[in-house]
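Remarks on the structure that follows.
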Amino acid sequence: MKLEIRILGAVFLFCAASPAISQVGRCEPIPPEVKAAAVGKSLTPDIQQQLLTVSGASAFRVLRKNDAATMEARENRLNIQLDEQDRILSIWCDLTTKTPR
């Protein structure tokens, strides 16, 4: 478990240091290696903050099974879909894809 957290942290640090974040507040697509490292993990405040940092998003929305969600697209919002045990199923920006995978 501790090794997984260190690996996940290293991936986030690598991606956060990249120049891919172009505008503060605008959600940019999460790199595939960050998605792969986060999916299946419990959503903790640290992981949530790391995902926001990597994406550049200034807002986030957590969605669980059967949650009602508005359909407006916001360029600054990161969406995090969780399973019944609060593990991350998928992560996406509102304006990058219509499907959450």
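The residues of the range 19-78 that are under 12 Å from the mean Cα position of the chain (by Cα) and acidic (Asp, Glu), listed by number, are GLU28, GLU33, ASP46. Please verify whether ILE88 is at pLDDT 95 or above and under 10 Å from the mean Cα position of the chain (by Cα), treating the condition exactly as stated. Yes, satisfied.
The values are calculated or read from the model by the stated rules, or taken from the named source; none is laboratory data. This is a predicted model, so every value here is computed, not measured.
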